[in-house]
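Bear in mind these aren't lab numbers, they're just calculated from the coordinates by the rules spelled out. Keep in mind the model is a prediction, meaning the values are calculated, not measured. Methodologically, a virtual Cβ is constructed for each residue, glycine included, from the backbone with ideal geometry; neighbour enumeration extends over all protein chains shown.
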Amino acid sequence: MSFMSKSPWVIHYDASSCNGCDIEVLATLCPGFDAERFGVINTGNPKHADIFLVTGSVNSRNIHVIREIYNQMPEPKAVIACGCCACEGGVFHDCYNVIGGVDRAIPVDVYAPGCAVRPEALIDAIVEAEKVLEEKYEAMKKGEHAPVIPLDAPVLKKGA
Amino acid sequence: MGKATIIPFGPQHPVLPEPLHLDLVVEDEKVIEAVPQIGFIHRGLEKLTETRDYNQFIYIAERICGICAVGHSLGYAETVEGLMGLEVPKRASYLRVILHEMSRIHSHMLWMGLAADAFGFESLFMHCWRLRERVLDLFEAMTGGRVILSAVRVGGMVRDQDAATLAHVQEVLEGIKDEYHEICRAFLNDSSVRSRLVGVGVIEHDDAVNLGMVGPFARASNVVNDVRCKEAGAYAELSDFTPITSTDCDCYARVEVRAKEILQSIDIIEEMIARIPEGPVFEKPKGSPADGAMACGALEQPRGECYYYAQGNGTKYLQRMRMRTPTSMNLAGMAAALKGCDLADVNMIVLTIDPCISCTER
Ligand code: SF4
């Protein structure tokens, strides 16, 4: 375990979630589940964050916000899709204003399902994401980098 | 006087759990105008009534907002029951009120935590959320879910609660009450908290009425509007209900109103538990809403009055389902309260309306 997987800082963005998953993300960091005791700190600044927690699905209004945050995050970075909506659209998958899961906007590393996602599942996902961070850090040393996604790039393929 | 500058606020902003974008026109440090922009979480779920029948749609209605999930499913269910002329068993309407008031407690505690975070009192934030966890544990014991409960259905409740569970609820709420008094003291008496809140974002009574504000935001400006007084459902059987109001009209008053409402909700739940009648909790709805039938419903959500409208078309799908949510009523008030405030107070004022963007945009 290198320093990369210790104390990952997270940034949270509410794409078009119903708030159910949002407050569970916050509850994960607050007393009760208290992921903060493992050094998981919520930051508002993308440039301080290692893990990007996205709740809710992607629509055409927020897709560029998600990509902007993703691009601003320093490498190595991991993305967690929190909740069914973020994984593939959830109950809203056939709404006219929903494009789909977060993987249609940016590459996703860990999927945490649930409606609403349970804090236990989120803690699990963060632990998984730490492994991803380690792998990406190794890859980075070999010169492989995360893609920069142009804000107006077309929607990605499902599950890409 | 400096030149006017526009500062964008959001959609991703540390104090906002939800994306709301504000264009703040500032001159030096004073905000002269705030223009809200919404649309980041619009999903278009009212249209889903075309593909989900009225029994299925309650799960969508619940997911309009994860904080007032019980409220939305309840408002939807009551409206559709009105549409079909369905009478809900007494016990079910008591259980609904118990769950709804519990969700008000959790919503207000959540809000008080966020407010504490906004004025930079992080430990108070954590304490509020710690207490809130206990309410969520109760939800889990009663329904199996923490935030999305799926407990209400058209015609009653999904399941009954036994006496032991209700006694447990009462016991836990009693415990919460004791600890909550301490938190309340910090909110209402602490001098550093007061200095951030008193006199900030004032909206006078008449303006509040003109801007059509609802909920605790309006009650803090001494507007007595609380749909619970209209005594729909089990609220009619409460021995006594007086809406909590304040005459201060500022951010402090809004904190005070919500702080007291938590205690009021605990009292309501205790009374409901003491008087809950025995009986069935579900009455199966038969047939479907008649063609052209219309029904409205109003419900006091944690954030204010929420209004529902439903229209049937003779099939099991609704012709139209529409809701007017409290935050969309309060946005005008928020823009008015922001006018003339300091830039540093913007986040506090935005929070005191308790914005719920996902209700507003749906
Ligand atoms: S997964 Fe469920 S709880 Fe989470 S945002 Fe979607 S609808 Fe809401």
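How many Cβ atoms of partner chains, on average, are near each residue of B:69-75 if near means within 10 Å of its Cβ? Present the calculation step by step, with values, prior to reporting the outcome.
On the way: counts 4, 0, 0, 1, 0, 0, 0.
What the average comes to for B:69-75 is 1.
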Have a look at B:Val158, B:Val147, B:Val70 and tell me which one the Gaussian network model of chain B (Cα, springs below 10 Å) gives the largest fluctuation. B:Val158
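I need the shape label for region B:31-124. Rule: rounded when a/c is under 1.5, else prolate if a/b > b/c, else oblate, with a, b, c from the alpha carbon gyration tensor. Please report the intermediate quantities before stating the final value.
Values: a/c = 3.01, a/b = 1.46, b/c = 2.06.
It is oblate, given that a/c is not under 1.5 and a/b is not larger than b/c.
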With a ≥ b ≥ c taken as the square roots of the eigenvalues of the C-alpha gyration tensor of region A:9-141, please select rounded if a/c is under 1.5 and otherwise prolate if a/b is larger than b/c or oblate if it is not? oblate
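Let me make sure I get this right: for chain B, a, b and c are the square roots of the gyration tensor eigenvalues over alpha carbons, sorted descending. Under 1.5 in a/c it's rounded, otherwise prolate if a/b > b/c, else oblate. Which is it? List each step's numbers first, then the result.
Numbers: a/c = 2.05, a/b = 1.38, b/c = 1.49.
Note, shape of chain B comes out oblate.
With only Lys, Arg, Asp and Glu charged, each at its Cβ (+1 for the first two, -1 for the last two), find how big the charge dipole of the protein assembly as shown is about the Cα centre; round to the nearest 20 debye. List each step's numbers first, then the result.
Working: 50 positive and 71 negative charges, 242 e Å.
Charge dipole, the protein assembly as shown, about its Cα centre: 1160 debye, nearest 20.
Quick one: Kirkwood hydrodynamic radius for the protein assembly as shown, alpha-carbon pairs, angstrom, one decimal? Don't skip to the answer; put the middle values down first.
Numbers: mean 1/r = 0.0423 Å⁻¹.
Answer for the protein assembly as shown: a Kirkwood hydrodynamic radius of 23.6 Å.
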How large is ³J(HN,Hα) for each residue in region B:178-189, as worked out from phi by the Karplus curve 6.51 cos²θ - 1.76 cosθ + 1.60 (θ = phi - 60°), to whole Hz, x for Gly and Pro? 4, 5, 5, 4, 5, 4, 4, 4, 5, 5, 9, 10
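Please compute the average number of Cβ atoms from other chains found within 10 Å of each residue's Cβ in peptide B:42-54. Provide the component values of the computation, followed by the final result.
Values: counts 8, 15, 7, 7, 1, 4, 5, 0, 0, 2, 2, 0, 0.
Across B:42-54, the average partner-chain Cβ count within 10 Å equals 4.
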What's the magnitude of the charge dipole for chain B around its Cα centre, counting Lys and Arg as +1 and Asp and Glu as -1 at the beta-carbon? Answer in Debye, nearest 20. 1060 debye
A 29 angstrom limit on the alpha carbon distance is what I want to check against. Which of B:Lys260/B:Lys284; A:Lys47/B:Lys3; A:Lys47/A:Lys142; B:Lys47/B:Lys339; A:Lys6/A:Lys141; B:Lys30/B:Lys177 exceed it? B:Lys260/B:Lys284; A:Lys47/B:Lys3; B:Lys47/B:Lys339; B:Lys30/B:Lys177
Under the definition of partner shielding as Cβ atoms of other protein chains within 10 Å of a residue Cβ, what is the mean value for peptide A:60-71? 2
Among A:Tyr70, A:Tyr137, A:Tyr96, the residue with the largest mean-square fluctuation in a Gaussian network model of chain A built from Cα contacts under 10 Å is A:Tyr96
Give the lysines reachable from B:Lys286 as a straight Cα distance under 22 Å; neighbours fewer than 8 places away on the same chain don't count. B:Lys90, B:Lys316
Which of these, B:His127, B:His100, B:His72, has the largest mean-square fluctuation under a Gaussian network model of chain B (Cα springs below 10 Å)? B:His127
Considering only the protein assembly as shown, what is the antiparallel percent among its DSSP beta bridges, to the nearest 5? 70 percent
What is the distance in Å between the Cα centroid of region B:26-47 and that of region B:250-316? 28 Å
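Taking K and R as +1 and D and E as -1, what net charge do the other residues with C-beta under 11 Å from the C-beta of B:Ala34 add up to? Before the final figure, lay out the partial values.
Details: positive: B:Lys339; negative: B:Asp23, B:Glu33.
Once all neighbours under 11 Å are counted, the net charge is -1.
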